[in-house]
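A.B. asks: Sending over a structure as structure tokens; questions will come in a sec.
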Amino acid sequence: MSANSRPPIPRDAGIASIGLNFPPLAMPVEELARLRGQDPAKYTVGLGCQEMALCTPEYGVVELAVEAARRALERWGGDPADVGMIAVGTETAMDMSRPLSAWVAERLDLRGAVRSYEVKHACYGGTLALRQAVEWKLSGASQGRAALVLAADVALYAEGDPGEPTQGAGAVAMVVDEPSIARVDPVSYPWSEPAFDFWRPVGEAYPRVDGAFSLDCYKRAAENCFKALVNGGSAEEVLERAAAVCFHVPFPKMVKKAVVQVGRSFGWDEERIDRFFADKVEPSMQWNRRCGNAYTASLWISVAEALRGLPRDERVLAFSYGSGFGAELLLLEAGPEAAAGAWASDVETDLAARHRVDAARYGSLRS
Ligand code: HMG
């Protein structure tokens with residue numbers, strides 16, 4: 001292709017289609033509390049958790065990712081041959097070398113002139129994949145083609161680990177192209193510091209966690225990202241302009257703690273912080289409560305919920321956090337197709353179809 005026959009470089013890029021998928025099983029955290037001899041209120045009130053989505057041996061991270069991708073591509077309506085990038089953020093790697101994107105591409109028969117890869121940075125990996133896709137579009141390198149971005153994970157802790165009630169699973173797929181659902185602002189606000197707050201050494205099945213330290217890292221990252229966004233201006237003006245403020249949701253109480261820290265850093269009193277949380281944050285964590293921590297997918301499940309039904313040009317802020325640690329605050333603006341919120345049917349379908357697991361079945365799933 002000669003330089004002058006190239007498609008024009010787009011001025012805007014963002015989310016053109018969304019597909020979600022939750023796994024076929026779930027267990028209420030009260031059931032886990034009984035199994036572990038804990039007061040259920042510790043999990044429901046102390047951590048703010050409700051249900052843990054669980055996979056089966058037959059339905060794991062590949063199936064989650066493939067189904068979310070299939071739904072997003074079908075909804076997009078474009079030609080799959082126009083997908084020029086598949087970027088998958090995950091920390092549920094199938095292999096140390098072969099990317100999860102290859103499993104997805106195989107099942108969906110996506111091949112040819114496609115850049116296909118996996119991104120790793122704990123729960124932040126999906127956001128990095130999305131950023132790379134948006135930047136690829138805005139650079140002109142995409143040559144008018146679309147990217148398929150995936151965030152998919154199965155989060156399991158060792159049995160009896162304090163993180164166990166926060167477990168979950170889920171996948172979000174986004175076609176990045178024309179911003180018909182949401183424009184992603186090219187400017188974002190990253191913050192990273194090397195830390196061992198949550199990590200999983202090669203060959204180990206479950207993560208190791210320094211729990212209290214991980215909470216501090218998350219809160220510090222949030223404070224720094226929001227401060228960079230506000231940039232010495234009026235926090236009220238900048239944050240009130242957003243219709244919704246979404247966070248990575250390892251467990252809902254974590255998000256409340258981060259909002260308290262961010263609010264205090266702006267000099268807000270407790271009443272103002274509570275109001276901000278209730279109006280802008282809490283409403284888009286309802287899907288998260290039904291699936292638990294889905295690692296890379298967690299933030300994007302919240303963003304998908306926030307965008308559903310949003311009038312054009314309304315703003316959504318999205319705070320991504322991944323242990324290790326890396327964080328980034330993104331700004332999105334609803335496009336004309338956000339109002340219809342077509343992807344909400346994925347969540348309704350999956351929640352209606354899933355089965356409730358009791359302690360005995362949970363035990364057999366873990367063995
Ligand atoms: P824990 O040992 O259960 O903590 O572990 P706790 O004893 O501090 O209790 C938790 C809360 O329950 C406390 O509330 C208690 O007071 C309360 P707080 O004081 O914090 O507001 N509580 C009760 N409330 C009502 N009734 C009761 C009761 N008893 C106690 N009877 C911990 C908690 C979060 C550490 C654990 O679940 C864990 O290790 N989780 C995994 C790590 C994690 O999620 N960290 C979050 C930040 S890091 C992150 O987000 C990244 C991540 O997603 C991974 C990635 O990036 O890939 C995890």
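A.B. asks: Rounded to the nearest 0.05, what FRET efficiency is calculated for ARG70 and PHE196 with R0 set to 45 Å and r the Cβ-Cβ distance?
C.D. replies: On the way: r = 37 Å, r/R0 = 0.82.
Once rounded, the FRET efficiency stands at 0.75.
A.B. asks: On a 1.4 Å probe surface of the protein chains, which of ARG315, ARG354 comes out largest in accessible area, and what is the full order? Write down the numbers at each step before the final one.
C.D. replies: On the way: ARG315 60, ARG354 30 Å².
Listed by decreasing accessible area, they come as ARG315, ARG354.
A.B. asks: Run through the DSSP bridge list for the chain and note the antiparallel percent, rounded to the nearest 5.
C.D. replies: On the way: 39 of 58 bridges.
Percent antiparallel among DSSP bridges in the chain is about 65.
A.B. asks: Considering Cα pairs under 8 angstrom that are at least six residues apart, work out the relative contact order of the chain and quote it in whole percent. Walk me through the numbers on the way to the answer.
C.D. replies: Details: 821 pairs, mean separation 91.2, N = 367.
Relative contact order of the chain: 25 percent.
A.B. asks: Between GLU223, GLU270, GLU314, where does the largest GNM mean-square fluctuation fall for the chain, given springs only between Cα atoms within less than 10 Å?
C.D. replies: The residue that fluctuates most here is GLU270.
A.B. asks: How much accessible area per residue does segment 189-334 have, counting only protein heavy atoms and a probe of 1.4 Å, in square angstrom?
C.D. replies: That works out to 40 Å² per residue.
A.B. asks: For a quick protection proxy, order the peptides 203-212, 183-192, 241-250 by their average other-Cβ count within 10 Å, most packed first. Each step should come with its number before you reach the end.
C.D. replies: Working: 203-212: 12.6, 183-192: 17.2, 241-250: 24.2.
Descending packing order for the listed peptides: 241-250, 183-192, 203-212.
A.B. asks: A follow-up question, please. Extending each Cα 7 Å along its Cβ direction at ALA93 and ARG312, get the distance between those two points in nm, one decimal.
C.D. replies: 4.4
A.B. asks: Out of the total accessible area of the chain (probe 1.4 Å, heavy atoms of protein only), what percent is carbon and sulfur?
C.D. replies: On the way: 7500 of 15090 Å².
Of the solvent-accessible surface of the chain, carbon and sulfur hold 50 percent.
A.B. asks: Which lysines, on any chain, are close to LYS256 with Cα under 23 Å apart, when same-chain ones fewer than 8 places away are left out?
C.D. replies: LYS42, LYS219, LYS227, LYS280
A.B. asks: Report the Cα centroid-to-centroid distance between segment 268-334 and segment 61-98 in angstrom, as an integer.
C.D. replies: 23
A.B. asks: Based on the Kirkwood radius over alpha-carbon pairs, what value in µm²/s does the Stokes-Einstein equation return for the translational diffusion coefficient of the chain at 25 °C and 0.890 mPa s?
C.D. replies: Values: Rh = 20.5 Å.
D = 120 µm²/s.
A.B. asks: In nm, what is the difference between 0.36 nm times the number of residues separating SER234 and GLU270 and their Cα-Cα distance?
C.D. replies: Values: separation 36, 0.36 × 36 = 12.96 nm, distance 1.78 nm.
Extra length from SER234 to GLU270 when fully extended: 11.2 nm.
A.B. asks: Here's something else I'd like to know. Calculate the FRET efficiency for GLU204 and LEU365 from the Cβ-Cβ distance with a Förster distance of 22 Å, rounded to the nearest 0.05.
C.D. replies: Details: r = 19 Å, r/R0 = 0.88.
Efficiency for this residue pair is about 0.70.
A.B. asks: OK, next. Could you compute the FRET efficiency for GLU159 and GLN286, with r as their C-beta to C-beta distance and R0 at 25 Å, rounded to 0.05?
C.D. replies: Values: r = 28 Å, r/R0 = 1.11.
For GLU159 and GLN286, the calculated efficiency is 0.35.
A.B. asks: So how do 38-45, 66-73, 6-13, 257-264 stack up, highest first, on mean other-Cβ count within 10 Å? Walk me through the intermediate numbers first.
C.D. replies: Numbers: 38-45: 15.4, 66-73: 23.6, 6-13: 13.2, 257-264: 20.1.
Ranked from most to least packed, the peptides come out as 66-73, 257-264, 38-45, 6-13.
A.B. asks: Computed on alpha carbon atoms, what radius of gyration and Dmax characterise segment 189-334, expressed in Å?
C.D. replies: Here Rg and the maximum Cα pair distance are 15.0, 48 Å.
The values are calculated or read from the model by the stated rules, or taken from the named source; none is laboratory data. Quick caveat, the model's predicted, so the values are computed rather than measured. Positions of Cβ are generated from backbone atoms using ideal geometry, with glycine treated the same way; all protein chains shown enter the neighbour counts. Side chains are part of the model used for accessible areas, which takes the heavy atoms of the whole protein and leaves out ligands, DNA and RNA. Shrake-Rupley method; radii C 1.70, N 1.55, O 1.52, S 1.80 Å.
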